[in-house]
Amino acid sequence: MSKNYIVFSDIDETLIRFKSMITFMDYFLYKTPYASRPEADQKRKEFQAINEANTPTADRAALNKRFYEMFAGISQAELQAAAKVWLQEVMDRGDLFVSSAYSEQKEHKSRGAELVLVSGSFKDILGPICSYVGADRLLCSELEVKDGLYTGTLLQQVIGDGKWEVISRYIAGKGIQLDACYAYGDHVSDICFMEKVGNPVVVGDSPAMLKVARERSWRVLSAN
């Protein structure tokens with residue numbers, strides 16, 4: 001049974017201040033016990049190469065796939081444990097949330113809304129964040145795990161139009177009135193689902209998104 005309405009929200013640089021995959025992997029590959037293992041050096045080199053290749057004209061889907069291939073051979077349990085420690089450190093510094101979006105989404109929850117978070121990142125990194133904000137559902141990229149280790153294979157990729165694809169599957173047959181729903185996003189890749197709801201909200205100061213907001217009369221929140 002659906003709640004009063006659904007709030008769909010991107011996570012990175014919309015609900016939280018940074019890109020979760022990049023920030024966490026910088027922590028995992030340099031500041032955890034894993035960093036001292038021989039195999040970590042090659043992964044650090046690949047991580048640096050991916051960051052350098054991440055230009056405005058880069059193929060985001062290809063880079064996303066390449067990023068997750070880097071996880072091959074890493075223990076899922078070890079990474080999950082590191083993610084919890086990382087999140088607590090970020091929260092202790094007060095550096096986690098975009099306060100404007102976080103406050104609004106808390107208010108939506110208090111009104112009985114369903115909070116659905118949508119991200120190209122994946123559950124083992126985002127899980128602690130979703131638990132903290134009380135998200136009802138996380139629609140995100142999914143990685144294959146065999147014998148407790150990541151294989152580096154993406155089972156589901158949720159970037160660009162993939163965000164609307166997972167949302168549309170999630171709401172199929174539920175009788176959701178999208179005109180009553182909200183959507184929060186910071187990047188042009190979020191338009192695919194933001195334009196489907198009655199209450200889209202742009203977070204941050206992306207020139208491209210501010211242009212869309214002006215043209216379509218969408219509300220804008222500061223990312224401060």
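Table for the structure above
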quantity	calculated
Near pairs, Cβ below 7 angstrom, 6+ apart or cross-chain, from segment 162-187 (over 16 Å from Ala135 (Cβ atoms)) to any residue that is outside any helix (DSSP H, G or I) and acidic (Asp, Glu)	Asp186/Asp10; Asp186/Glu13
Criterion violated by Tyr150 - all others in (1) farther than 30 Å from Glu78 by Cβ; (2) open to solvent by less than 40 Å² (accessible area, probe 1.4 Å); (3) aromatic (Phe, Trp, Tyr) satisfied	(1)
Residues being assigned to a helix (DSSP H, G or I), under 21 Å from Val90 (Cα atoms) and either open to solvent by 90 Å² or more (accessible area, probe 1.4 Å) or not hydroxyl-bearing (Ser, Thr, Tyr) (or both) - total across segment 18-46	11
Given (1) open to solvent by less than 50 Å² (accessible area, probe 1.4 Å); (2) part of a helix (DSSP H, G or I), number of the condition Phe71 does not satisfy	(2)
Looking only at segment 87-102, and only at residues there that are of a type in the set (Gly, Ala, Ser) and within 18 Å of the chain's Cα centre (by Cα), the one that is surrounded by the most Cβ atoms within 10 Å (Cβ to Cβ)	Ala101
Positions within segment 155-165 being over 21 Å from Val145 (Cα atoms) and either in contact with a strand residue (DSSP E or B) (Cβ under 7 Å, 6 or more places away or on another chain) or surrounded by fewer than 16 Cβ atoms within 10 Å (Cβ to Cβ) (or both), in sequence order	Asp161, Lys163
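The values are calculated or read from the model by the stated rules, or taken from the named source; none is laboratory data. Since the model is a prediction, treat every value here as computed from it, not as a measurement. Every residue, glycine among them, receives a Cβ derived from its backbone with ideal geometry; neighbour counts consider all protein chains shown. Surface areas here come from the heavy atoms of the whole protein model, side chains and all, with no ligands, DNA or RNA. Shrake-Rupley method; radii C 1.70, N 1.55, O 1.52, S 1.80 Å.
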